[in-house]
Every structure is written in structure tokens, then in C-alpha cells.
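> One structure follows; several queries about it will come next.
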């Protein structure tokens, strides 16, 4: 994963203030920032984000840089949607989050979602015709929304004019981040 120069690239991560899977937020944000990208973390409220490990154990606390409603999506090159069952289930009920997803997909910009994160994509109505992966429990939801679910560490699909990168769990972070790097590097060219 090392060696990518993402200077000049801007990434927006969207989360709720409780329940995001720690490594699905903290690891990508650190990785992208270390590679030179500017990363904003938008949460529902301007309050600390309480991450979890394995959906149950307390994780790190992260400060958001802005709220979902304050995010100007036109400024960003990629949207990152971390998982965590509680995070994704709550995030998909947030109208600003759905609007952010639709803004990225309608403008052809990439979206990267891991674990339960694709629930937000299902709610936004953007998985029809896409091939993607996720935490296995989302299989039926993805298929019912018109997507094709596959069991792979990372899936990249550019159908319908916008790139989608998905992974299953924190165990797939290396592959997930490698695909994000490749996508952001290609967009910089």
C-alpha cells in the first residue's frame, strides 16, 4: 500500500457519532493522510465519534471535521463509507448521508464502502446493476436492490458511469485501500 502519492486528492468519510467500526474509519483515514490526501470526516453531529471494535467493544474516539449537513460534496474526489452495524444502520436513515451518496454517484465520482457500509448505498438506490461485496449479512439486501453480491476481498465496478469499491470486513483493508489508492491515482492523471 505504501508509496502512493495522493497529494491534491480530497476524500470525504461519512459516519454517525456512535458505532462505526474503528479500523474501517481510523485505518483508511490514516493511510490516506499519510499518502498526502486531505480527508474530512463528516458525522451527524459536531460531537466526538465513538468507534467500536467488533460492534461491541469501545474503540477510539475521533473528532469529526464537519457535519454531514455542512459537507460540500463538490470539493471531494472520493466518498468513503465505513461500516459497523450500528453506524451503517443509523447512517442510512440520515437524509444528508443519502444526498451525499447520490451527489457522488450522479457526478461519476468514486464511492468506497466496506463491511456494512453498502447498506447506505442500498438506501440511496444506487446499487442496481452493480457488482459488489459487503459483510455477508447484506447479501439479500443488495440482491433485492438489484445488485450482484460476490464473496471477494475487494470488488471494483465502474458500471453506470461511477466507480464503486467495496470490501467485506476489516480483514480486507489492505486490498480495499490498494484499490482506493489505484482509483485516486488514476483520477489524478
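> Restricting region 125-144 to residues that are in contact with a helix residue (DSSP H, G or I) (Cβ under 7 Å, 6 or more places away or on another chain) and surrounded by fewer than 20 Cβ atoms within 10 Å (Cβ to Cβ), which is farthest from residue 73 (Cα to Cα)?
141
> Among helices (runs of 4 or more DSSP H) lying entirely in region 94-189, which contain 1 or more residues that are closer than 23 Å to residue 66 by Cβ? Write out each step before concluding.
Values: elements: 95-106, 118-124, 139-144, 173-188.
Hits in region 94-189: 95-106, 118-124, 173-188.
> Next up: So, residue 25, is that one in contact with a strand residue (DSSP E or B) (Cβ under 9 Å, 6 or more places away or on another chain) and buried (at least 23 other Cβ atoms within 10 Å of the Cβ) or not?
Here the answer is yes, as residue 25 does meet what is asked.
> Tell me which residues, restricted to region 12-36, are part of a strand (DSSP E or B) and closer than 16 Å to residue 177 by Cα.
12, 13, 21
> Specify which of the listed residues (16, 61, 65) is surrounded by fewer than 20 Cβ atoms within 10 Å (Cβ to Cβ) and within 23 Å of residue 110 (Cβ to Cβ).
Values: 16 fails: surrounded by fewer than 20 Cβ atoms within 10 Å (Cβ to Cβ); 61 fails: within 23 Å of residue 110 (Cβ to Cβ).
Just a single option satisfies the conditions, and that option is 65.
> I've got another one for you. Just one of the numbered conditions (1) in contact with a strand residue (DSSP E or B) (Cβ under 7 Å, 6 or more places away or on another chain); (2) in contact (Cβ under 8 Å) with a residue 60 or more places away in the chain is not true of residue 46; which one?
Residue 46 satisfies every listed condition except (2).
FYI, it's all coordinate maths here, none of it is from the lab. Note that the coordinates shown come from a computational prediction; the quantities given were computed from them, not determined experimentally. As a convention, Cβ positions derive from the backbone with ideal geometry for all residues, glycine included, and neighbour counts pool all protein chains shown.
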